[in-house]
Amino acid sequence: MSHIVLVNIENDTEKVRRQFSPPFGLLIAASVLVRNNVDVVVRHIINTNESLAELSEICKDALAVGFSVMTSPNLLSAIEASKMLHNLGIFVYWAGTHASLLPEVVLKECYVDAVLRGEAECNLYEFYQWRIGKIKADNVRGLCYKKNGEVIISPLPPLVELSQLGYHPFELLDIKKYVDKPVVKRKNYIPGKILPFMTSKGCVKKCAFCYNTVVNNSKWRPYSLTSVYREMDFLIENYGITGWMFYDDNIFVDPERAWTIIEKYKMPSSVELDLNRVNEKMVERALKANVAKLYIGIESGSDRMLKRMHKGITVKQVREKMQMCHNMGMNVDLSFMILLPNESPEDLEATLSLTRELEEYSNIKIDGPKCYNPYPGTEFFQEVVASGWIIPKSNEEWAKYNRKISADEAGFNISQKHIDVLKRYDVI
Ligand code: SF4
């Protein structure tokens, strides 16, 4: 009994199969164990009878099995797999955003033995040492566990220094699953073997709804260029990757670093960035470097809401910059959110109306509008609770919250006027 199994399990749906992307958090955790010469097995699976059977086989002699969990419907698969392994007598722990933010909820369940809060670079090796009896539980930062029927909760550990950041050992995954998946050629689709990729983590902005403000403490940390290039070269050479979807929350926090990476490869790519970074010079440079599209979180069509969210942009800027991108031939995906706390029916209507206006452009695809998701610790969380929203009490109840949740499922205390607007725009 010496190896650790790291698992990311997703529901068996057509959408999951279509959007299957490498589990970056899981790879970072694996890199910690690899660096410390601990045997690790990584499994990113879709929940089927066969994958569960294979998982129980791999896990049967494991020292521990760690599930990386986000608040989303995929929690249901993590619950099912955890119960199965727990019933086989295997030590199960949960890590990731959901477990880090809600350790009490997770540890109420008998099928989870421990929660590891925060970043794997900080505490996964300590956790391993605890499991082999070399150190005490008190010395594992962020460890939450059960002791004689009592649940011990540790605080969220501080973020790790740049020099301790992990990397992505892609060789531990079957990359073909991510490039040979079913493709739907939607607006702004980028042809070729396009792989999601991350060069940094976190974001410096403080959007009032975003979990990054809690989990990454509004800090942005780049992975070393040496490991970024090594990973990209490995993926190109071994899997014939022809383009990238840069999944960084905000790759342009350090623009020169971002350009260095993008211009080194000049492969078709999509980049996620802040509207404030978008100007004529930037778009010109991006087009020359083969950037196929920009992904920008706009979130609202109401200046009042943009201000409350601390987005630092205005609706006028959105319109002007989207006209400019259209004129210059740059494709753009824009994300929008609705039913935020204290969003008036007028704010809601402004958002829905702006999305309708912008999707008329041939180069603009609207992502959403998605329903707001409450994350504990964020500025908007207390507001939504104060507005009458009942905090979910179990993993199952939390499982319905993800960005695809429908307005009527979310359970927010909205007025008849909101409902009328949603109906008028065919949202419900
Ligand atoms: S810009 Fe995006 S990633 Fe950054 S805090 Fe705002 S929502 Fe979060």
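The values are calculated or read from the model by the stated rules, or taken from the named source; none is laboratory data. Bear in mind that the values here come from a model prediction, so they are computed numbers and not experimental data. Here Cβ is always computed from backbone atoms with ideal geometry, including for glycine, and neighbour counts include all displayed protein chains. For the accessible areas, the whole protein counts, side chains as well, though only heavy atoms, and no ligand, DNA or RNA atoms are used. Shrake-Rupley method; radii C 1.70, N 1.55, O 1.52, S 1.80 Å.
Stokes-Einstein diffusion coefficient for the stretch 4-152 at 4 °C in a medium of 1.567 mPa s, Rh from the Kirkwood formula over Cα pairs: what value in µm²/s?
On the way: Rh = 15.3 Å.
Value of D from the Cα-based Kirkwood radius: 84 µm²/s.
Pull up the DSSP beta bridges for the stretch 4-152 and report the antiparallel fraction as a percent, rounded to 5. Let's see the in-between values first.
On the way: 6 of 24 bridges.
Within the stretch 4-152, antiparallel bridges account for around 25 percent of the total.
Looking only at the stretch 185-424, where both bridge partners belong to it, what percent of the DSSP beta bridges are antiparallel (to the nearest 5)?
Details: 3 of 27 bridges.
Counting only bridges with both partners in the stretch 185-424, antiparallel ones make up about 10 percent.
May I ask you to list the trypsin sites (Lys or Arg not before Pro) in the stretch 10-115 that are in a DSSP loop and have at most 14 other Cβ atoms within 10 Å of their Cβ?
On the way: sites: Lys15, Arg17, Arg18, Arg35, Arg43, Lys60, Lys83, Lys108; in loops: Lys60, Lys108.
Those satisfying the criteria are Lys60, Lys108.
Given a 1.4 Å probe, how much area per residue of the chain is accessible, in Å²? Can you show the working numbers first?
Details: 18540 Å² over 428 residues.
Normalised by residue count, the accessible surface of the chain is 43 Å².
Tell me the chymotrypsin sites (Phe, Trp or Tyr not before Pro) within the stretch 180-240 that lie in a loop according to DSSP and have at most 12 other beta-carbon atoms within 10 Å.
Working: sites: Tyr189, Phe197, Phe209, Tyr211, Trp220, Tyr223, Tyr229, Phe234, Tyr239; in loops: Tyr189, Phe209, Tyr211, Tyr223.
Answer by residue number: there is no such site.
Quick one: helix 49-59 against the long Cα principal axis of the chain, what's the angle to the nearest 10°, folded into 0 to 90?
Approximately 50 degrees, to the nearest ten.
Which GluC sites (Glu not before Pro) in the stretch 10-98 pass both tests, a DSSP loop state and at most 13 other beta-carbon atoms within 10 Å?
On the way: sites: Glu10, Glu14, Glu50, Glu54, Glu57, Glu80; in loops: none.
The qualifying sites: there are none.
Starting from the Kirkwood radius over alpha-carbon pairs of the chain, derive D by Stokes-Einstein at 37 °C in a medium of 0.692 mPa s and give it in µm² s⁻¹. The partial results should precede the final answer.
On the way: Rh = 22.8 Å.
Estimated diffusion coefficient is 144 µm²/s.
Past 20 Å, Cα to Cα, is the threshold; run Lys266/Lys288; Lys177/Lys288; Lys193/Lys321; Lys293/Lys365; Lys370/Lys393; Lys264/Lys288 against it and keep the listed order.
Working: Lys266/Lys288 8 Å; Lys177/Lys288 31 Å; Lys193/Lys321 29 Å; Lys293/Lys365 10 Å; Lys370/Lys393 23 Å; Lys264/Lys288 12 Å.
Exceeds cut-off: Lys177/Lys288; Lys193/Lys321; Lys370/Lys393.
Counting only DSSP beta bridges with both residues in the chain, tell me the antiparallel percent, nearest 5.
Working: 9 of 51 bridges.
Expressed as a percentage, antiparallel bridges in the chain total about 20.
How big is the dipole moment of the chain about its Cα centre under a simple scheme where the beta carbon of each Lys and Arg is +1, that of each Asp and Glu is -1, and everything else is neutral? Debye, nearest 20, please.
That gives a dipole near 560 debye.
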